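The values are calculated or read from the model by the stated rules, or taken from the named source; none is laboratory data. All figures in this text were calculated on a predicted structure; none of them were measured in a lab. Positions of Cβ are generated from backbone atoms using ideal geometry, with glycine treated the same way; all protein chains shown enter the neighbour counts. For the accessible areas, the whole protein counts, side chains as well, though only heavy atoms, and no ligand, DNA or RNA atoms are used. Shrake-Rupley method; radii C 1.70, N 1.55, O 1.52, S 1.80 Å.
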Amino acid sequence: MLQFALRRLGILIPFLIAISIVSFIVIQLPPGSYVDSYVNNLRLQGNVVSAEQEGNIRAMYGLDKSMPEQYALWMGKIVFAGDFGSSFRYNRPVAAILMERVPSTIILSLTAIAFTWLLAVPLGILSAVKQYSVWDHTLTLIGLVGLAVPGFLLALGIMFVVYQNTGWLVNGFFSPPFREAPWSLAKVLDLLKNVWLPILVLTIGGMATITRVLRATLLDELNKQYVTTARAKGVPEMTNVLRYPLRIAINPLLSTLGWMLPAVVGGEIVVSKVLNLPTIGPVLLEASITQDMYLAGGIVMILSVLTVFGTFISDLLLALNDPRIRME
Amino acid sequence: MTPSASLKSTEPRLKVEGLKTYFFLDHGILKAVDGVDFHVGEAESVGIIGESGCGKSITAQSMLQLVRGRGQIVAGHAVLRRKQGEMVDILSLDPDSAEMRSVRGDDASIIFQEPMTSFSPVHTIGFQIGEMLRLHTKLSEAQIRERVIAMLGRVGISNPEVRIDEYPHQLSGGMRQRAMIAMALICHPQIVIADEPTTALDVTIQAQILDLMRDLQDELGMSIVYITHNMAVVAENVSRVYVMYLGRVVETTTTERLFKDPKHPYTQKLLRSIPHPGRPVERLEVIEGSVPSAVDPPRRCGFFTRCPSAMAGVCDAAIPALTKVDDEHWARCFLLSDEKEAEDEWSSL
Ligand SMILES: Nc1ncnc2c1ncn2[C@@H]1O[C@H](COP(=O)(O)OP(=O)(O)O)[C@@H](O)[C@H]1O
Ligand code: SF4
Ligand SMILES: [Mg+2]
């Protein structure tokens with residue numbers, strides 16, 4: 001097992017390098033550099049910018065160097081100084097923006113993923129074990145609604161209904177009086193009063209897929225001979241389902257765990273916009289639109305690195321769960 | 001074993017009567033087992049033979065009420081004498097009840113056909129065999145481990161201390177089937193149903209496994225039902241044979257008589273279609289056609305579509321009853337008797 005983990009960890013390194021290159025390309029992609037638009041702006045405002053001055057600005061940003069040199073420079077700063085460059089739009093270091101938004105995004109996403117699993121797995125089991133029952137049909141219907149209704153619409157709808165009935169407006173993570181306040185019990189309660197809605201919406205959005213996948217694989221496994229064998233030994237039915245077929249049916253879910261994080265982050269972009277949540281999603285969207293490339297590159301890089309580690313964790317879980325994978 | 005072995009017990013270990021197991025499918029009712037009677041004496045071995053699809057495995061699984069999904073045992077009794085001596089009709093128990101579960105594996109167990117798929121691929125052999133003891137005894141984990149190692153050694157698995165912690169994919173097919181036998185026998189059940197225990201194995205291994213089962217039977221004294229389509233298995237291992245066709249027993253007698261004097265046209269064809277000991281292989285016949293679908297079968301002799309002696313207007317007008325040919329010999333054919341099978345509530349379905 002340890003050997004397996006080390007081997008997998010070894011594979012991560014080239015992956016991470018590839019990710020950094022892709023992120024760098026993202027930064028370089030838009031036509032014209034940041035300096036071009038900056039100088040153009042200055043000239044439009046009536047300033048005289050000489051070719052020499054322009055060259056100096058380029059040198060300041062390292063844009064006079066070759067691509068590999070620029071890449072090395074950018075990576076070096078990230079690795080050794082935690083410096084992701086500056087956001088053009090916010091006029092602040094990218095690292096500061098990431099620090100502000102990435103942790104809350106990860107906590108929100110992980111919470112939503114945890115709730116999704118906690119609900120979807122038992123419901124998937126129920127659906128499979130009681131195939132074609134009222135339960136199964138009801139869950140299928142709810143699942144389809146969950147898939148068909150976009151998260152932001154659901155968020156808006158629930159927000160409206162809650163406001164109509166209680167006068168409470170769900171907005172952001174905290175109500176305005178608590179936004180800058182130090183942590184206290186009241187602040188935690190306020191957080192709970194707000195955060196349930198995005199968690200609910202993201203959970204419903206992710207549940208349907210997991211329930212369907214689990215139902216299908218479990219139905220397959222339930223017909224396998226080893227389930228009958230266990231039954232023939234006198235294993236109680238529920239123990240049998242949980243001990244044998246579920247162990248195998250859970251594999252496809254474990255292997256998707258790694259990229260659930262970016263999927264949830266992607267799914268929460270519009271939800272976050274609607275609910276005014278300070279997560280990373282909306283910033284990524286804006287950064288891409290406004291060609292704020294250091295910011296976009298930084299976010300893409302962080303998310304990709306998290307995905308790679310997520311995949312590593314899901315590989316480890318798979319190997320723990322299934323000896324055939326572990327012994328490959 | 002000699003045919004007289006069947007006479008040594010008076011009261012059977014297991015007596016099955018009128019077993020019907022149907023699958024209620026979208027396009028009709030599949031009558032997989034449609035009125036099967038058989039009994040097995042104390043420490044006796046009997047065989048159930050027939051082509052693939054005749055309902056042998058479903059008969060076996062019905063004995064422990066393992067049929068799920070659309071399958072249902074709609075009629076029948078299976079009276080088993082349990083370890084303590086009490087008689088129970090196991091088919092009258094709720095399939096999910098604790099009492100039914102206490103029968104499974106402890107009083108009666110099944111050796112399954114497919115050694116490849118019969119074990120969970122993600123649990124060790126030792127865990128899966130030990131589970132039997134965990135369910136049916138109060139032994140400690142250490143005692144269980146000891147018993148499992150001893151049993152693995154007994155069925156001929158070398159290095160049982162190491163093998164016990166291995167996974168099914170690390171064992172060869174023959175080893176896996178030995179492990180399956182170890183699992184089925186570890187609680188010393190009084191009756192074992194071996195559903196094609198050697199079909200998936202090559203000939204040498206087949207012989208070894210059958211030898212092993214005979215040894216274990218001598219040692220533990222259990223009754224065995226061999227389900228097979230291999231005549232050699234029947235000839236060498238069982239005292240009496242039930243021949244099944246399309247969900248029914250069409251002939252039953254001692255092994256000796258079956259080979260010497262088969263009465264039913266299907267049995268005759270079956271015996272001519274396979275090589276068997278004591279007769280030189282001249283030319284093997286094939287039974288033309290295939291077993292017809294058991295979905296909503298018409299009320300006629302099941303073998304009508306393939307029988308060389310079929311009599312139009314007779315054999316397709318009713319189902320022949322299983323009638324006595326003479327002592328210890330029964331067959332179901334209008335050539336032998338006019339008696340028809342009585343109709344019941346399920347016949348018209
Ligand atoms: N789970 C099932 N669902 C529907 N039909 C089944 C199922 N299992 C077996 N059958 C049908 O029942 C009949 C008897 O099957 P089986 O007992 O496995 O035959 P055998 O063991 O004699 O080869 C066959 O027609 C088979 O197709
Ligand atoms: S009853 Fe008729 S069809 Fe059936 S086996 Fe006998 S002769 Fe053949
Ligand atoms: Mg079979």
**Prompt:** residue A:291 fails exactly one of the following numbered conditions: (1) more than 14 Å from every other protein chain (Cβ to nearest Cβ); (2) assigned to a helix (DSSP H, G or I); (3) surrounded by fewer than 19 Cβ atoms within 10 Å (Cβ to Cβ). What is the number of that condition?
**Reply:** (2)
**Prompt:** What is the number of the single condition among (1) away from every other protein chain (no Cβ under 14 Å); (2) open to solvent by less than 30 Å² (accessible area, probe 1.4 Å); (3) closer than 27 Å to residue B:235 by Cα that residue B:64 does not meet?
**Reply:** (1)
**Message:** Six or more apart or on different chains, Cβ atoms under 7 Å: show the pairs whose first residue is in the range B:294-316 and within 18 Å of residue B:347 (Cα to Cα) and whose second is among the charged types (D, E, K, R) and within 16 Å of ligand 1 (Cβ to nearest atom).
**Reply:** B:294/B:31; B:297/B:31; B:302/B:248
**Fill in**
Subset of the range B:182-201, residues within 17 Å of residue B:234 (Cα to Cα) and of a type outside the set (Gly, Ala, Ser), comes to B:192, B:193, B:195, B:196, B:197, B:198, B:199, B:201
**Message:** Restricting to the range B:296-349, count the residues that are among the hydrophobic types (A, V, I, L, M, F, W, C) and more than 8 Å from ligand 2 (Cβ to nearest atom).
**Reply:** 12
**Message:** What's the number of the only condition in (1) farther than 25 Å from residue A:119 by Cβ; (2) within 14 Å of chain B (Cβ to nearest Cβ); (3) open to solvent by 40 Å² or more (accessible area, probe 1.4 Å) that residue A:226 fails to meet?
**Reply:** (3)
**Single residue of the range B:56-77 satisfying the filter (within 7 Å of ligand 1 (Cβ to nearest atom) and either of a type in the set (Asp, Glu) or touching a helix residue (DSSP H, G or I) at 6+ places or on another chain (Cβ under 9 Å) (or both)) that is farthest from residue A:130 (Cα to Cα)** = B:71
**Message:** Quick check on the range A:179-189: of everything there that is over 26 Å from the mean Cα position of the chain (by Cα) and open to solvent by less than 100 Å² (accessible area, probe 1.4 Å), which residue is nearest to residue A:159 (Cα to Cα)?
**Reply:** A:186
**Request:** Mind listing whichever residues of the range B:147-160 are touching a Leu at 6+ places or on another chain (Cβ under 9 Å) and part of a helix (DSSP H, G or I)?
**Result:** B:147, B:148, B:151, B:154, B:160
**Item:** Checklist (1) away from ligand 1 (no atom under 15 Å from the Cβ); (2) within 14 Å of chain A (Cβ to nearest Cβ); (3) of a type in the set (S, T, N, Q) applied to residue B:45, failing item
**Value:** (2)
**Request:** Have a look at A:118, A:156 and point out the one that is without any contact (Cβ under 8 Å) to a residue 24 or more places away in the chain, among the aliphatic types (A, V, I, L, M) and part of a helix (DSSP H, G or I).
**Result:** A:118
**Complete:** Subset of the range B:68-108, residues within 9 Å of chain A (Cβ to nearest Cβ) and farther than 23 Å from residue B:188 by Cα, comes to B:68, B:69
**Asked** Out of all the residues in the range A:127-148, which are open to solvent by 50 Å² or more (accessible area, probe 1.4 Å) and within 28 Å of the chain's Cα centre (by Cα)?
**Response** A:141, A:142, A:144, A:145, A:147, A:148
**Message:** Looking at (1) under 30 Å from residue B:117 (Cα atoms); (2) more than 14 Å from every other protein chain (Cβ to nearest Cβ); (3) open to solvent by less than 20 Å² (accessible area, probe 1.4 Å), which one does residue A:296 not meet, given that it meets all the others?
**Reply:** (1)
**Request:** Please verify whether the range A:232-242 includes one or more residues that are closer than 30 Å to residue A:308 by Cα and within 14 Å of chain B (Cβ to nearest Cβ).
**Result:** yes
**Prompt:** Is it the case that residue A:212 is surrounded by 17 or more Cβ atoms within 10 Å (Cβ to Cβ) and touching a residue at least 60 places away in the same chain (Cβ under 8 Å)?
**Reply:** yes
**Request:** Could you identify the single residue in A:197, A:214, A:218, A:202 that is at pLDDT 90 or above, in contact with a Gly (Cβ under 7 Å, 6 or more places away or on another chain) and more than 14 Å from chain B (Cβ to nearest Cβ)?
**Result:** A:214
**Request:** Output the number of residues of the range B:165-197 satisfying the condition of being within 10 Å of chain A (Cβ to nearest Cβ) and in contact with a strand residue (DSSP E or B) (Cβ under 7 Å, 6 or more places away or on another chain).
**Result:** 3
**Prompt:** From the list B:46, B:88, B:79, which one is surrounded by 24 or more Cβ atoms within 10 Å (Cβ to Cβ) and either away from ligand 2 (no atom under 16 Å from the Cβ) or not in a strand (DSSP E or B) (or both)?
**Reply:** B:46
**Prompt:** Which strands (runs of 3 or more DSSP E) does the range B:185-282 wholly contain that include 3 or more residues that are more than 23 Å from residue B:128 (Cα to Cα) and within 16 Å of ligand 3 (Cβ to nearest atom)?
**Reply:** B:223-228, B:240-245
**Scope the range B:25-43; condition of a type outside the set (Gly, Ala, Ser) and assigned to a strand (DSSP E or B); matching residues** = B:25, B:29, B:30, B:31, B:33, B:34, B:36, B:37, B:38, B:39, B:40
**Prompt:** Could you count how many residues in the range B:109-119 are more than 7 Å from chain A (Cβ to nearest Cβ) and open to solvent by 10 Å² or more (accessible area, probe 1.4 Å)?
**Reply:** 2
**Prompt:** Looking at the range A:304-317, is at least one residue within 12 Å of chain B (Cβ to nearest Cβ), open to solvent by less than 40 Å² (accessible area, probe 1.4 Å) and part of a helix (DSSP H, G or I)?
**Reply:** no
**Message:** Looking at (1) out of contact with any helix residue (DSSP H, G or I) (no Cβ under 7 Å at 6 or more places or on another chain); (2) more than 16 Å from ligand 3 (Cβ to nearest atom), which one does residue A:229 not meet, given that it meets all the others?
**Reply:** (2)
**Fill in**
Matching residues in the range B:54-76 (out of contact with any Asp or Glu (no Cβ under 7 Å at 6 or more places or on another chain), away from ligand 2 (no atom under 16 Å from the Cβ) and outside any helix (DSSP H, G or I)) number 13
